[in-house]
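K.L.:
Handing you a structure now.
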Amino acid sequence: MEKKKILWDADEVLIKTTPAFDAYLNQKFNLNLKYEDHITFDLTELLRMSESEIKKEERLFYETDFYLNIEAKEGAHEVIDYLSESYGHLIATGRSISDEKHLHLTLDRLFKPHHFSSVHHMGGEHGYSLKKQKWEKCREEGAGLVIDDYHKTVFNAANNGVHAILMTAPWNKGLTDLPKLVSRARNMYEAVEVIERKAKIIWPE
């Protein structure tokens, strides 16, 4: 029997990227950024840099120990391992394909080889626009659920009939009026609770 599929975002859902990037920026530019400061998803607004400048810093960041020693989100390995008994997992990231080697090295270090069947790089080479929406990738891959920290991603999914979990982050915690098909989870363990509570609705027999 084919497993039910879940599409996961990588950064800030499975991997603690923002705190590591903050530490890199703090050292390089003598800043004092904290995770809680990220009240907007738009880094250009927060950092007062252009998209091209931020992309440049991200590429440099991926080659540093700040990134090489990055950690998984609390409970991520345990939860993915537990869910793998009944669910298949794939990743759709907003990173471009040029970042492929960095993400794969991280996933290989933090998770087991069988955890994720595929990794899809949705981001364009310039800027942060996606080549394809994640709900479209869900349809292509037969995934019934998308899990992401960006509210527009989960709202777009819900508006197109795909169930979603919004993982709480500083840039979305103030949102209260969520679409019907969107549930909120504050951590990986709450995400499991949502999945198990709504499994028959998301994947009807």
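The values are calculated or read from the model by the stated rules, or taken from the named source; none is laboratory data. Not measured: the values here are computed from a predicted model. In this analysis, Cβ positions are derived from the backbone assuming ideal geometry, glycine residues included, and neighbour counts consider all displayed protein chains. Ligands, DNA and RNA are stripped out before the accessible areas are found, and what is left, the full protein with its side chains, is counted by its heavy atoms. Shrake-Rupley method; radii C 1.70, N 1.55, O 1.52, S 1.80 Å.
K.L.:
What residue, of Glu45, Glu58, is more than 18 Å from the chain's Cα centre (by Cα) and either of a type in the set (D, E, K, R) or closer than 24 Å to Glu100 by Cβ (or both)?
P.N.:
That would be Glu45, the only listed residue that is more than 18 Å from the chain's Cα centre (by Cα) and either of a type in the set (D, E, K, R) or closer than 24 Å to Glu100 by Cβ (or both).
Yes or no, residue by residue, for (1) closer than 17 Å to Asp9 by Cβ; (2) outside any helix (DSSP H, G or I); (3) open to solvent by less than 10 Å² (accessible area, probe 1.4 Å):
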site: Lys55; (1), (2), (3): no, no, no
site: Arg59; (1), (2), (3): no, no, no
site: Ile80; (1), (2), (3): yes, no, yes
site: Glu100; (1), (2), (3): yes, no, no
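K.L.:
Of the residues that sit in the range 172-205 and are among the polar types (S, T, N, Q) and in contact (Cβ under 8 Å) with a residue 40 or more places away in the chain, which one is least open to solvent (accessible area, probe 1.4 Å)?
P.N.:
Taking the candidates together, the pick is Asn172.
K.L.:
If Gly161 satisfies every condition in (1) among the small types (Gly, Ala, Ser); (2) surrounded by fewer than 17 Cβ atoms within 10 Å (Cβ to Cβ); (3) in contact with a helix residue (DSSP H, G or I) (Cβ under 9 Å, 6 or more places away or on another chain); (4) closer than 23 Å to Ser84 by Cβ but one, which is the exception?
P.N.:
It fails just one condition, (4).
Let's see how each residue does on (1) β-branched (Val, Ile, Thr); (2) farther than 21 Å from Arg109 by Cα; (3) open to solvent by 40 Å² or more (accessible area, probe 1.4 Å); (4) touching a residue at least 24 places away in the same chain (Cβ under 8 Å):
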position	(1), (2), (3), (4)
Lys5	no, yes, yes, yes
Ile15	yes, no, no, yes
Thr64	yes, no, no, yes
Glu74	no, no, yes, yes
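K.L.:
When the range 29-53 is examined, which residues are found to be part of a helix (DSSP H, G or I) and either open to solvent by less than 30 Å² (accessible area, probe 1.4 Å) or free of Cβ contacts under 8 Å to residues at least 24 places away in the same chain (or both)?
P.N.:
Just the residues of the range 29-53 that are part of a helix (DSSP H, G or I), to begin with: 29, 35-37, 43-47, 51-53.
Passing the criteria: Phe29, Leu43, Thr44, Glu45, Leu46, Leu47, Glu53.
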